1. If a residue has to be of a type in the set (D, E, K, R), open to solvent by 90 Å² or more (accessible area, probe 1.4 Å) and in contact (Cβ under 8 Å) with a residue 60 or more places away in the chain to count, how many in the range 1-51 make the cut?
2. Restricted to the range 46-94, and to residues that are hydrophobic (A, V, I, L, M, F, W, C) and part of a loop (DSSP other than H, G, I, E, B), which residue is farthest from residue 16 (Cα to Cα)?
3. Pick out, from the range 140-252, the strands (runs of 3 or more DSSP E) lying fully within it that include 3 or more residues that are within 30 Å of residue 97 (Cα to Cα).
4. Hey, residue 177 hits all of (1) modelled with pLDDT under 95; (2) surrounded by fewer than 20 Cβ atoms within 10 Å (Cβ to Cβ); (3) of a type outside the set (Asp, Glu) but one; which does it fall short on?
5. Scan the range 87-102 and report the pairs whose first residue is more than 18 Å from residue 75 (Cα to Cα) and open to solvent by 50 Å² or more (accessible area, probe 1.4 Å) and whose second residue is outside any loop (DSSP other than H, G, I, E, B) and among the polar types (S, T, N, Q), with Cβ atoms within less than 9 Å and a gap of 6+ or a chain change.
6. Within the range 182-198, can you find the residues that are open to solvent by 100 Å² or more (accessible area, probe 1.4 Å) and touching a residue at least 24 places away in the same chain (Cβ under 8 Å)?
Amino acid sequence: MAREITGFSNPLVKRVRSLREKKFRKAEGLFLAEGLRILTEAREEGVLPEMLFHAGSSHPLAAELIAAMEDAGSDVIETTPDILSKISGKDNPQAVVGVYRDQLTPLAKLDRTKADIWFVAQSLRDPGNLGTILRTGDAVGAGGLILIDDCVDPFSVESVRASMGALFTQSITQARWSEFMHWLREGPGELIGTSLKATHDYQEPRYQSPSFLLVGNEAQGLPEAYEAECDLLVKMPMLGKADSLNAAVACAVMAYELLNQKRKT
């Protein structure tokens, strides 16, 4: 049932606003997503928010989303632009804000056979990079993203925004390195790391499926011990003064090389 909230002091507004902080997201298992594009992508994947806030948007996509929420008996709240701004933390908020249950997939339940390409990120720190990797994964038909060790929160507002809806098309898994390696070696899968120390050009090998593309921290790269456990280490040519690519860009270059190899077989 739709309802209206116009007071800044409303407990629900305070609760939803708190989801901008990681400790509250973790405690509730909920996160925020903003904007019609992202929420529509989620709906097309069969995922509706647990709560939907809007400020009387007349956009047809907003109307479809609200109707789907009401049909499902979910919570639809009409509010003011000022309160929507308070919830989203933006001066010019999007037309809609959704509250979603987190989308983590346990490592043990990950189906490695559903895709030829998977991304693995170790100690990734930038939410923009995380979101971009998810978008790249969606573009190349990857299975998902496995976050290793202490990575940026994939459900932060910044990460969700950067994913442009790919958060709902890609599985997301969190694991420690030892857990991941134990799982990986129990089945098929080639672990491919990118490293400046590599002797192989990235276009030289013929990659196997499924391929797990491993990228390291933006500043330090991969730890030596992690590189040592890769099946392959490769590097991309750097013809200018820069000695490395942005982590998300490196993922995209590698992913399209793998995709192109698979398209030609």
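1. 5
2. So, considering only residues that are hydrophobic (A, V, I, L, M, F, W, C) and part of a loop (DSSP other than H, G, I, E, B), the one farthest from residue 16 (Cα to Cα) is 72.
3. By residue number, 144-148, 171-175.
4. (1)
5. 91/85; 92/85; 94/88
6. 196, 197
Okay, residues lined up against (1) at pLDDT below 95; (2) open to solvent by 20 Å² or more (accessible area, probe 1.4 Å); (3) farther than 28 Å from residue 219 by Cβ; (4) of a type in the set (Val, Ile, Thr):
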site	(1), (2), (3), (4)
115	no, no, yes, no
120	no, no, no, yes
137	no, no, no, no
140	no, no, no, yes
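The values are calculated or read from the model by the stated rules, or taken from the named source; none is laboratory data. As the structure is a computational prediction, the values presented were derived from the model and not from experiment. Quick reminder, even Gly has a Cβ in these numbers, built from the backbone with ideal geometry, and neighbours come from all protein chains shown. For the accessible areas, the whole protein counts, side chains as well, though only heavy atoms, and no ligand, DNA or RNA atoms are used. Shrake-Rupley method; radii C 1.70, N 1.55, O 1.52, S 1.80 Å.
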